[in-house]
Amino acid sequence: GCTVPGGDPSPRHSADVCALRARLNSRPSATAVLQAACPVPIRVIRLPVTDFPSPDIVSSLGVTSVHDIVTRHVRLMCGGTVLSDAWNWYVPSRLTGEMNRLLTETDTPFGRAVHETHFHRKLLESIVPEPSSKIVLENRALLLRASDHAPIALVVENYTPAALKSHINSD
């Protein structure tokens with residue numbers, strides 16, 4: 001079953017977090033899950049990145065250097081509502097030139113840009129933070145290329161309360 005720590009007394013909130021977790025675990029692309037509940041196209045807002053990936057990220061992605069990885073920090077929006085704040089560390093050498101162009105030059109969601117890899121998601125960790133964090137669920141996962149199971153990305157996705165709604169208002 002799905003247990004939600006943090007002492008949230010609302011059983012409805014717990015059920016919503018468990019339902020979101022189940023939906024996210026059932027699909028390789030988190031964006032596709034969020035899009036299913038948003039009546040307008042999900043927008044990606046790219047945020048500045050200044051830090052290098054940590055040694056554990058380098059190791060998880062099976063590369064030798066931080067220079068083998070590109071970091072992408074984004075907010076996924078339904079209209080004006082933030083659904084997720086996500087960090088994505090990906091390996092450009094395991095993607096096509098067109099995929100890399102989409103990721104560096106456009107606001108295309110990662111899952112949409114790399115869908116031709118037929119990637120699957122390996123969930124590493126799913127945490128329900130304390131209610132004061134304003135995040136209802138944090139997922140950490142590796143995205144693996146279907147052809148050889150090589151890791152193409154490590155993602156940390158922080159979902160806001162708005163992501164819990166089964167049909168998100170796009171206001």
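The values are calculated or read from the model by the stated rules, or taken from the named source; none is laboratory data. Worth saying up front: this structure is predicted, and the values here are computed from it rather than measured. A quick note on method: Cβ atoms are made from the backbone with ideal geometry, for glycine too, and the neighbour counts reach across all protein chains shown. These area figures cover heavy atoms from the full protein model, side chains too; ligands, DNA and RNA do not enter into them. Shrake-Rupley method; radii C 1.70, N 1.55, O 1.52, S 1.80 Å.
Number of residues in the stretch 94-111 that are outside any loop (DSSP other than H, G, I, E, B) and either under 21 Å from THR50 (Cα atoms) or not charged (D, E, K, R) (or both) equals 10. Of ARG46, ARG23, all but one fail to be outside any strand (DSSP E or B), charged (D, E, K, R) and at pLDDT below 95; the exception is ARG23. Being open to solvent by less than 30 Å² (accessible area, probe 1.4 Å) and either in contact (Cβ under 8 Å) with a residue 60 or more places away in the chain or among the small types (Gly, Ala, Ser) (or both): is that true of ALA146 here? It is false that ALA146 is open to solvent by less than 30 Å² (accessible area, probe 1.4 Å) and either in contact (Cβ under 8 Å) with a residue 60 or more places away in the chain or among the small types (Gly, Ala, Ser) (or both).
Scanning the stretch 83-93 for residues that are open to solvent by 50 Å² or more (accessible area, probe 1.4 Å) and either assigned to a strand (DSSP E or B) or among the charged types (D, E, K, R) (or both) gives a single hit, TRP87.
Of all residues in the stretch 112-143, those satisfying the criterion of being in contact with a helix residue (DSSP H, G or I) (Cβ under 7 Å, 6 or more places away or on another chain), outside any strand (DSSP E or B), open to solvent by less than 40 Å² (accessible area, probe 1.4 Å) and not small (Gly, Ala, Ser) are VAL114, VAL128, VAL136. Applying the set (1) out of contact with any Cys (no Cβ under 9 Å at 6 or more places or on another chain); (2) in contact (Cβ under 8 Å) with a residue 12 or more places away in the chain to ALA162 leaves exactly one unmet item: (1). Among residues of the stretch 37-61 that are over 11 Å from HIS73 (Cα atoms), those with a beta-carbon under 8 Å from a residue that is exposed (fewer than 14 other Cβ atoms within 10 Å of the Cβ) and of a type in the set (Val, Ile, Thr) at least six positions away or on a different chain give the pairs VAL58/THR64.
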